[in-house]
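Novice: Input: one structure, supplied below.
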Amino acid sequence: MRADSMRMEFKIALAGIVGAIAVAFAARGATTADAVAGRAVFEQCAACHSIDGNTGVGPTLRGVVGRKAGTVPGFRYSRAMKSATLAWDEKTLDGYLADPQKVVPGNLMPFSGLPDEKQRADLIGYLATLQ
Amino acid sequence: MIKTLPNKTVVIVGGGLTAGLAARQLTSKGVEVLVLERGVDHTKGAEAKLPTQRDELRWDTHQGLMQDWSVETYTLRHARSETALPVRWMEAFLPGEGLGGAANHWNGLTWRWSNYDPQLRTRNEQRYGKAAIPKEMPLQDWGTSYAEMRPYHELFEKLFGLSGKAGNVRGTILAGGNPFEGPRDGEYPQRPLEYTEAGLTFKAAAESLGYKPFPSPAANSSGAYTNLDGQKLGACQYCGHCERFICEAQAKATPQVLLYPMLKQRKNFEVRLNCHVVGLTYDRVGKRVTGVRYVDRLTGQEYEQPADVVMLGAFTMSNTRLLLTNKIGKPYDPVSQTGVVGKNFCYQLGGGVTLFMKDKWFNPFLAAGSTQTAIDEFNNDNFDHTGLGFLGGAGIFAAMYHGRPIGGRRLPPGTPRWGSAWKKANADWYAHSMNVGMQGSCYPHVENYLDLDPTYTDAYGLPLIRMNFDWRDNELKISRYIAVKQAEIAKAINADIATPASTLQTPFDARNYQTSHITGGTIMGADPKTSVVSPHLQHWDAHNLFVVGASVYAHNSGYNPTGPLAALALRAGDDMASYVERPRML
């Protein structure tokens with residue numbers, strides 16, 4: 001059990017490093033976050049996620065950037081998300097939004113991911129404004 | 001002791017789709033609405049969340065979201081000479097229970113019916129002569145028209161964010177859509193759902209035969225959508241758990257996603273759950289309903305809820321039964337063919353060809369409720385019936401809407417029912433089979449009707465509805481005619497194995513799922529002698545009573561029934577608001 005969770009943490013740390021490199025490369029290109037465009041991308045999330053602090057079908061995304069994964073009070077998370085030792089920042093959100101099942105296997109969000117890197121960056125830029 | 005409650009302006013029986021739509025119109029005009037729903041709110045339950053949402057055994061096989069057949073069922077006989085017996089486990093049609101009703105577990109296929117459907121008798125008489133309609137087929141006009149319903153179709157489709165491809169915009173026929181649909185104001189609110197491999201296979205074959213295939217209009221959201229009321233739908237994930245399930249991705253347009261959460265915010269709206277309506281209080285002299293009687297299922301307490309206006313928005317059978325048990329309107333008598341309540345009870349016909357193709361990957365698990373590619377050349381009166389000996393027809397389609405482990409198994413004829421050979425056939429064909437199906441119109445017959453069973457009662461001691469129903473000559477002929485067309489399409493597909501096209505068999509069997517859509521019993525029309533409610537859905541014998549739903553259809557078309565009943569529910573909401581302002585026969 002313990003060894004498993006350590007291995008998981010190691011994997012996640014590794015994913016974080018890979019993610020950081022990816023972002024560093026992306027930053028050198030033209031990908032800068034556009035929060036206004038991100039708001040339009042957010043339409044794809046809005047049926048389940050509120051931005052006003054209310055719990056809906058999914059947890060609220062107010063304050064998501066900087067939050068530890070699986071910690072909105074009152075929301076019933078999957079075991080996978082509760083035990084994911086992740087903090088949501090630009091890197092972890094980018095990885096998760098690209099392929100939710102790859103980053104947190106077994107999580108229950110019924111969404112297959114945003115393949116477009118620019119859309120993810122914009123969305124994360126928008127999410128960062130929701131404090 | 002019955003407790004009498006304070007009066008409400010409009011009381012709606014049944015918290016399903018029609019109630020939500022009518023309440024939207026009423027409350028936005030400032031009219032107070034109370035909805036009485038016998039079931040619970042499913043939105044926070046295991047049925048609306050992963051992973052339990054995917055429990056096929058619980059929600060599908062065991063009908064976890066449907067009416068509890070041990071509390072209330074229907075009896076069935078195929079002829080008046082028989083004694084009806086209760087259907088102990090129903091598969092033919094699936095009434096929902098709980099806020100949202102059957103629209104929680106629907107597939108999402110949303111048609112406007114043919115623009116001549118509301119004037120079907122006139123249409124057939126004009127085209128084929130009066131003698132072409134058999135004496136035992138009481139086809140009736142509805143007293144309304146497509147033109148009158150059209151603005152409400154437009155509104156409903158915008159509210160529910162339909163995905164589709166227009167085939168007729170203001171009379172201009174557009175390629176890729178259904179050329180037989182009634183004229184629309186514009187494109188569908190959202191682009192069509194993705195084609196399935198089965199849909200593409202069907203499309204190519206249909207086109208090779210000169211037909212015009214199109215993606216069926218869907219209430220499964222092809223993208224993220226915000227409607228006129230600011231209510232939101234997520235994008236469909238094609239998970240194959242749509243019909244018989246609640247969508248956990250908020251991607252299926254239902255009253256529980258788009259209507260009730262909004263209505264609950266309105267001060268003039270109230271919904272009471274676990275309230276089973278057992279009766280209406282009828283003032284025969286004043287021609288009014290003064291209130292609704294219901295039992296609180298949690299306490300057993302019975303209440304009288306007085307109302308200025310009552311709307312019946314329950315299931316087809318329940319709408320009819322409440323009129324019969326409370327003696328509102330004259331029951332239909334098949335011998336003298338007089339009376340109206342229970343008349344023109346219709347179902348729909350199915351049937352199809354199953355195809356097996358070794359080299360095609362159909363991947364049936366990747367599906368939405370309405371991933372269906374169809375042709376309408378042989379539906380209803382879209383073709384010339386001269387000399388055919390029947391009226392009506394059927395839509396023909398490839399409907400790939402799930403590949404679930406229990407129900408989603410297509411196996412070639414001759415496969416053993418169990419053992420290693422059965423397992424091997426499952427493995428060989430699961431991803432490599434598809435179906436060419438049909439949904440056929442069912443026109444009324446003088447011996448197909450609903451009345452009260454003389455023997456059997458439900459858990460509340462109320463008589464069960466008795467279905468007097470069987471397939472008639474007209475349906476059998478449609479089935480045989482369509483089977484030939486399906487076989488031609490199957491031949492053009494050129495599969496490794498193709499079953500023969502199945503045709504309708506008598507007697508009607510309630511143990512088999514066919515199309516789930518029953519209609520009639522409280523039919524609408526312009527003549528009080530032959531209809532229960534007026535063209536405004538106002539009861540002829542109780543002017544403050546409105547009946548809404550497929551129970552008002554005077555016949556059943558070759559389409560899923562939701563579109564017109566939704567349009568009529570929105571219109572009834574406006575009509576009831578006008579009635580509240582100035583009570584009168586509209």
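Novice: A:SER83 is checked against (1) of a type in the set (Ser, Thr, Tyr); (2) over 12 Å from A:LEU127 (Cα atoms); (3) surrounded by 14 or more Cβ atoms within 10 Å (Cβ to Cβ); (4) without any contact (Cβ under 8 Å) to a residue 40 or more places away in the chain and fails just one. What number does that condition carry?
Specialist: For A:SER83, the exception is condition (4).
Novice: Quick test for you: out of A:GLN131, A:GLN44, pick the one residue that is of a type in the set (S, T, N, Q), within 14 Å of chain B (Cβ to nearest Cβ) and more than 12 Å from the chain's Cα centre (by Cα).
Specialist: Details: A:GLN131 fails: within 14 Å of chain B (Cβ to nearest Cβ).
Only one candidate qualifies: A:GLN44.
Novice: Condition check: within 14 Å of another protein chain (Cβ to nearest Cβ) and of a type in the set (S, T, N, Q). Does B:GLN25 satisfy that?
Specialist: Considered against the rule, which asks whether it is within 14 Å of another protein chain (Cβ to nearest Cβ) and of a type in the set (S, T, N, Q), B:GLN25 comes out as no.
Novice: Do we have B:TYR195 as in contact (Cβ under 8 Å) with a residue 40 or more places away in the chain and under 30 Å from B:LYS232 (Cβ atoms) here? Before you say what the answer is, go through the steps one by one.
Specialist: Numbers: in contact (Cβ under 8 Å) with a residue 40 or more places away in the chain: yes; under 30 Å from B:LYS232 (Cβ atoms): yes.
Criteria met by B:TYR195.
Novice: Now for a separate question. Quick one: B:THR354 ticks every box in (1) within 30 Å of B:ALA251 (Cβ to Cβ); (2) in contact with a Leu (Cβ under 8 Å, 6 or more places away or on another chain) bar one, so which box is it?
Specialist: Condition not satisfied by B:THR354: (2).
Novice: Taking B:GLY329, is it assigned to a loop (DSSP other than H, G, I, E, B), under 30 Å from B:TYR74 (Cβ atoms) and either within 25 Å of the chain's Cα centre (by Cα) or of a type outside the set (S, T, N, Q) (or both)? Spell out the reasoning first.
Specialist: Numbers: assigned to a loop (DSSP other than H, G, I, E, B): yes; under 30 Å from B:TYR74 (Cβ atoms): yes; either within 25 Å of the chain's Cα centre (by Cα) or of a type outside the set (S, T, N, Q) (or both): yes.
Criteria met by B:GLY329.
Novice: Scan (1) in contact (Cβ under 8 Å) with a residue 24 or more places away in the chain; (2) of a type in the set (S, T, N, Q); (3) within 30 Å of B:GLY407 (Cα to Cα) for the single condition B:GLN237 breaks and write down its number.
Specialist: Evaluating B:GLN237 over (1) in contact (Cβ under 8 Å) with a residue 24 or more places away in the chain; (2) of a type in the set (S, T, N, Q); (3) within 30 Å of B:GLY407 (Cα to Cα) leaves (1) as the failure.
Novice: Restricting to helices (runs of 4 or more DSSP H) lying wholly in the range A:83-131: which have 3 or more residues that are within 15 Å of A:HIS49 (Cβ to Cβ) and out of contact with any strand residue (DSSP E or B) (no Cβ under 9 Å at 6 or more places or on another chain)? First the steps, then the outcome.
Specialist: Values: elements: A:90-98, A:100-103, A:117-128.
So the answer is A:90-98, A:117-128.
Novice: Among A:GLY63, A:GLY56, A:GLY38, which is the only one that is modelled with pLDDT under 90 and surrounded by 11 or more Cβ atoms within 10 Å (Cβ to Cβ)?
Specialist: On the way: A:GLY63 fails: modelled with pLDDT under 90; A:GLY38 fails: modelled with pLDDT under 90.
Only one candidate qualifies: A:GLY56.
Novice: Moving on to the next point. Being out of contact with any strand residue (DSSP E or B) (no Cβ under 7 Å at 6 or more places or on another chain) and either buried (at least 21 other Cβ atoms within 10 Å of the Cβ) or in a loop (DSSP other than H, G, I, E, B) (or both) narrows it down to one of B:GLY210, B:GLY161, B:GLY199, so name that one. Outline the logic, then answer.
Specialist: On the way: B:GLY161 fails: out of contact with any strand residue (DSSP E or B) (no Cβ under 7 Å at 6 or more places or on another chain); B:GLY199 fails: out of contact with any strand residue (DSSP E or B) (no Cβ under 7 Å at 6 or more places or on another chain).
Every option except B:GLY210 fails the conditions.
Novice: Across the range B:139-158, what is the number of residues that are surrounded by fewer than 19 Cβ atoms within 10 Å (Cβ to Cβ), hydrophobic (A, V, I, L, M, F, W, C) and within 21 Å of B:LEU228 (Cα to Cα)?
Specialist: 1
Novice: A further question follows. Looking only at the range A:51-67, how many residues end up being over 16 Å from A:TYR77 (Cβ atoms) and within 14 Å of chain B (Cβ to nearest Cβ)?
Specialist: Summing the residues that are over 16 Å from A:TYR77 (Cβ atoms) and within 14 Å of chain B (Cβ to nearest Cβ) in the range A:51-67 gives 3.
Novice: Sticking with this one: Would you confirm, using the coordinates I've provided, whether B:GLY64 is under 26 Å from B:ALA572 (Cα atoms) and not acidic (Asp, Glu)?
Specialist: Details: under 26 Å from B:ALA572 (Cα atoms): no; not acidic (Asp, Glu): yes.
Against the criterion (under 26 Å from B:ALA572 (Cα atoms) and not acidic (Asp, Glu)), B:GLY64 does not qualify.
Novice: Identify, by number, the condition in (1) more than 22 Å from B:ASP453 (Cβ to Cβ); (2) surrounded by 18 or more Cβ atoms within 10 Å (Cβ to Cβ); (3) in contact with a helix residue (DSSP H, G or I) (Cβ under 9 Å, 6 or more places away or on another chain); (4) more than 14 Å from every other protein chain (Cβ to nearest Cβ) that B:ARG58 doesn't meet.
Specialist: (2)
Novice: Now a separate question. Go through the range B:251-277 residue by residue and tally those that are in a helix (DSSP H, G or I) and away from chain A (no Cβ under 12 Å).
Specialist: 4
Novice: A follow-up question, please. Report, by residue number, each residue of the range A:86-96 that is more than 8 Å from the chain's Cα centre (by Cα) and either free of Cβ contacts under 8 Å to residues at least 40 places away in the same chain or within 14 Å of chain B (Cβ to nearest Cβ) (or both).
Specialist: A:ALA87
Novice: Considering only the range B:194-207, I want to know if a residue exists there that is of a type outside the set (Ser, Thr, Tyr), within 14 Å of chain A (Cβ to nearest Cβ) and touching a Phe, Trp or Tyr at 6+ places or on another chain (Cβ under 9 Å).
Specialist: Within the range B:194-207, one or more residues are of a type outside the set (Ser, Thr, Tyr), within 14 Å of chain A (Cβ to nearest Cβ) and touching a Phe, Trp or Tyr at 6+ places or on another chain (Cβ under 9 Å).
Novice: List, please: which pairs have Cβ atoms under 6 Å, are six or more places apart or on different chains, and start with a residue in the range B:156-171 that is closer than 14 Å to B:ALA218 by Cβ and end with one that is acidic (Asp, Glu)?
Specialist: Listed by first residue and then by second, the contacts come to B:ALA166/B:GLU187.
Novice: Next up: Going by what's in this entry, would B:ALA459 be described as small (Gly, Ala, Ser) and surrounded by 16 or more Cβ atoms within 10 Å (Cβ to Cβ)? Break it down stepwise before answering.
Specialist: Details: small (Gly, Ala, Ser): yes; surrounded by 16 or more Cβ atoms within 10 Å (Cβ to Cβ): no.
So B:ALA459 fails the test.
Novice: Now, a different point. Can you name the residue in the range B:218-233 that is assigned to a loop (DSSP other than H, G, I, E, B) and touching an Asp or Glu at 6+ places or on another chain (Cβ under 8 Å) and is also farthest from the other protein chains (Cβ to nearest Cβ) among such residues?
Specialist: Taking the range B:218-233 first, the residues assigned to a loop (DSSP other than H, G, I, E, B) are B:219, B:221-224, B:227-231.
Add one more test, that the residue is touching an Asp or Glu at 6+ places or on another chain (Cβ under 8 Å), and what stays is B:222, B:224.
Values: B:SER222: 12, B:ALA224: 4 Å.
Per the stated criteria, the residue is B:SER222.
Novice: Sticking with this structure for a sec: Can you tell me which of B:GLY313, B:GLY339, B:GLY286, B:GLY300 is without any contact (Cβ under 8 Å) to a residue 40 or more places away in the chain and under 24 Å from B:LEU568 (Cβ atoms)? Please lay out each step first, then the result.
Specialist: Numbers: B:GLY313 fails: without any contact (Cβ under 8 Å) to a residue 40 or more places away in the chain; B:GLY286 fails: under 24 Å from B:LEU568 (Cβ atoms); B:GLY300 fails: under 24 Å from B:LEU568 (Cβ atoms).
On inspection, the qualifying residue turns out to be B:GLY339.
Novice: Another question about this same structure. Would you mind finding the one in B:PHE356, B:PHE362, B:PHE397 that is over 24 Å from B:LYS130 (Cβ atoms), touching a Ser or Thr at 6+ places or on another chain (Cβ under 8 Å) and surrounded by fewer than 24 Cβ atoms within 10 Å (Cβ to Cβ)? Please lay out each step first, then the result.
Specialist: Details: B:PHE362 fails: surrounded by fewer than 24 Cβ atoms within 10 Å (Cβ to Cβ); B:PHE397 fails: surrounded by fewer than 24 Cβ atoms within 10 Å (Cβ to Cβ).
B:PHE356 is the lone residue from the list that is over 24 Å from B:LYS130 (Cβ atoms), touching a Ser or Thr at 6+ places or on another chain (Cβ under 8 Å) and surrounded by fewer than 24 Cβ atoms within 10 Å (Cβ to Cβ).
Novice: Any residue in the range B:461-475 that is over 29 Å from B:ILE133 (Cα atoms) sitting within a Cβ distance under 6 Å of a residue that is in a strand (DSSP E or B)? List the pairs, counting only those 6 or more apart or interchain.
Specialist: Pairs found: B:PRO463/B:LEU452; B:PRO463/B:ASP453; B:PRO463/B:THR457; B:LEU464/B:TYR74; B:LEU464/B:THR75; B:LEU464/B:ASP453; B:LEU464/B:TYR456.
Novice: Six or more apart or on different chains, Cβ under 9 Å: which pairs go from a residue in the range B:408-434 that's at positive phi to one that's modelled with pLDDT of 95 or more and among the basic types (Lys, Arg)? Could you list them?
Specialist: Within 9 Å, no pair qualifies.
Novice: Looking for whichever is out of contact with any Ser or Thr (no Cβ under 8 Å at 6 or more places or on another chain), of a type outside the set (Gly, Ala, Ser) and without any contact (Cβ under 8 Å) to a residue 24 or more places away in the chain here; the options are B:ARG511, B:ARG582. Which one fits? Break it down stepwise before answering.
Specialist: Working: B:ARG511 fails: without any contact (Cβ under 8 Å) to a residue 24 or more places away in the chain.
From the options B:ARG511, B:ARG582, the qualifying one is B:ARG582.
Novice: Would it be correct to say that B:VAL295 is buried (at least 24 other Cβ atoms within 10 Å of the Cβ), part of a strand (DSSP E or B), over 25 Å from the mean Cα position of the chain (by Cα) and away from every other protein chain (no Cβ under 14 Å)? Give the derivation first.
Specialist: Details: buried (at least 24 other Cβ atoms within 10 Å of the Cβ): no; part of a strand (DSSP E or B): yes; over 25 Å from the mean Cα position of the chain (by Cα): yes; away from every other protein chain (no Cβ under 14 Å): yes.
So B:VAL295 fails the test.
The values are calculated or read from the model by the stated rules, or taken from the named source; none is laboratory data. A quick note: this is a predicted structure, and the numbers were derived from the prediction, not measured. All Cβ positions, even for glycine, are placed from backbone atoms using ideal geometry, and neighbour counts span all protein chains on display.
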